[in-house]
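Only the coordinates and a few stated rules stand behind these numbers; no lab work does. Since the structure is predicted, the reported quantities are computational estimates derived from the model, not experimental observations. Heads up, the Cβs are rebuilt from the backbone with ideal geometry, glycines too, and the neighbour counts pull from every protein chain shown.
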Amino acid sequence: MATAIILSHNHPSGVLKPSKADIYLTQKIKEAAALLDIELLDHLIVSSEGYYSFTQEGEKL
């Protein structure tokens, strides 16, 4: 019964910048969620260096 989701995963390497695979997977999950009328609010990458938020960084979700 979810209406929205936030994705998160870790980068053990400490690199916070999303990889091409991260960006591709985010888009695919957004498309799949839309089929179920679920909004993707954000995708967070977490590491020992902090976090990266697609939304805060202006990435189009």
Checklist outcome for this item: Filtering the stretch 43-61 for residues that are closer than 22 Å to MET1 by Cα and either part of a loop (DSSP other than H, G, I, E, B) or without any contact (Cβ under 8 Å) to a residue 12 or more places away in the chain (or both) leaves a count of 1
Item to check | Filter result for the condition that a residue is assigned to a helix (DSSP H, G or I) and either surrounded by 10 or more Cβ atoms within 10 Å (Cβ to Cβ) or not basic (Lys, Arg) (or both), over LEU25, LEU7, LEU40 | outcome: LEU25
Item to check | Residues that are in a loop (DSSP other than H, G, I, E, B) and surrounded by 11 or more Cβ atoms within 10 Å (Cβ to Cβ), drawn from the stretch 10-22 | outcome: HIS11, VAL15, LEU16, PRO18, SER19
Checklist entry - When only residues in the stretch 43-61 that are within 10 Å of the chain's Cα centre (by Cα) and of a type outside the set (S, T, N, Q) count, which is surrounded by the most Cβ atoms within 10 Å (Cβ to Cβ)? => result HIS43
